[in-house]
Amino acid sequence: MSIQLGQLAPDFDQNSTEGRIRFHEWLGDSWGVLFSHPKDFTPVCTTEFAEVGRLKSEWDRRDVKVIGLSIDPVEAHRIWEADIESTQGQQVNFPMLADNDQTVAQLYGMIHPMSDPTVTVRSVFVIDPLKKVRLILTYPPSTGRNFVEILRTIDSLQLTDRRSVATPVNWKPGDPVIVSPKLSDEEASRQFPQGYATLKPYLRIVDLEGGSAGEQPAAA
């Protein structure tokens with residue numbers, strides 16, 4: 001099964017290190033990050049689980065619930081969690097799905113036969129409070145995920161859901177943003193009274209933090 005952006009995230013009922021989880025019910029009104037691992041006791045994933053745990057305050061600040069997945073059983077997860085804490089100095093403070101029957105892996109297309117038909121690929125799905133899939137990433141086995149980038153993307157999604165803007169290349173919170181092309185100049189002036197810079201009719205920049213974003217502020 002292929003998951004696409006904007007699709008309703010498939011619901012499921014699966015065992016985890018924190019008991020049985022009904023996914024949509026567990027998410028509630030929060031954002032969610034579902035990320036998978038090939039199997040327990042793998043080196044790159046060991047570092048990733050620790051990093052996700054370290055970022056707990058960042059997830060909480062954005063109202064994001066994180067949940068990991070591996071196709072090993074809960075008993076193996078428990079042993080691996082102890083290894084993660086002993087080697088990385090960080091407890092796993094979020095649930096890990098025990099998807100040993102591959103229910104979730106199949107729902108989310110995490111099995112890529114040309115890669116390895118027996119284990120999940122290392123996927124990331126960002127899901128919004130309406131249970132819609134907003135971001136999909138798939139990493140190769142040898143490359144650790146950049147969870148700072150995933151946080152940055154969530155910041156962008158949450159901002160652009162609230163405001164009629166898009167975020168440019170390498171954007172970080174606090175940087176100027178792009179006025180939505182859907183807005184007329186008149187409507188843009190109403191929404192951004194601080195002014196915005198028109199670089200091209202299709203490229204208008206605004207600083208949401210206060211001042212004008214360039215040397216060519218739009219006329220009121």
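Before moving on, here are some points about what is shown:
- Flag if residue 22 is modelled with pLDDT of 95 or more and under 24 Å from residue 133 (Cβ atoms): yes
- Within the range 6-26, if we keep just the residues that are of a type in the set (Asp, Glu) and in a loop (DSSP other than H, G, I, E, B), the residue that is nearest to the chain's Cα centre (by Cα) turns out to be 11.
- Residue within the range 152-165 that is on the phi < 0 side of the Ramachandran plot, among the acidic types (Asp, Glu) and over 11 Å from the mean Cα position of the chain (by Cα) present: yes
- Some residue of the range 73-80 being under 30 Å from residue 206 (Cα atoms) and not in a helix (DSSP H, G or I): no
- In summary, residue 29 fulfils each of the numbered conditions (1) in a loop (DSSP other than H, G, I, E, B); (2) under 16 Å from residue 101 (Cα atoms); (3) among the acidic types (Asp, Glu) with the single exception of condition (2).
- Screening the range 12-48 for residues that are among the basic types (Lys, Arg) and free of Cβ contacts under 8 Å to residues at least 12 places away in the same chain and picking the one that is surrounded by the fewest Cβ atoms within 10 Å (Cβ to Cβ) gives 20.
- Subset of the range 101-114 that is in contact (Cβ under 8 Å) with a residue 40 or more places away in the chain and in contact with a Pro (Cβ under 9 Å, 6 or more places away or on another chain) - its residue that is nearest to residue 13 (Cα to Cα): 104
- A single entry from 53, 68 fulfils the requirement of being in contact with a His (Cβ under 7 Å, 6 or more places away or on another chain), under 29 Å from residue 157 (Cα atoms) and outside any loop (DSSP other than H, G, I, E, B): 68.
- Matching residues, the range 127-168, being assigned to a helix (DSSP H, G or I) and among the charged types (D, E, K, R): 149, 152, 155, 161, 162
For every residue, the table says whether it meets (1) buried (at least 17 other Cβ atoms within 10 Å of the Cβ); (2) more than 19 Å from residue 15 (Cα to Cα); (3) at pLDDT 95 or above.
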{"position": "50", "(1), (2), (3)": "yes, yes, yes"}
{"position": "54", "(1), (2), (3)": "no, yes, yes"}
{"position": "73", "(1), (2), (3)": "no, no, no"}
{"position": "85", "(1), (2), (3)": "no, yes, yes"}
{"position": "89", "(1), (2), (3)": "no, yes, yes"}
{"position": "99", "(1), (2), (3)": "yes, no, no"}
{"position": "117", "(1), (2), (3)": "no, yes, no"}
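The values are calculated or read from the model by the stated rules, or taken from the named source; none is laboratory data. Treat the numbers as computed from the prediction; the structure is a model and nothing was measured. Reconstructed Cβ throughout: ideal geometry from the backbone, glycine too, with neighbour counts over all protein chains shown.
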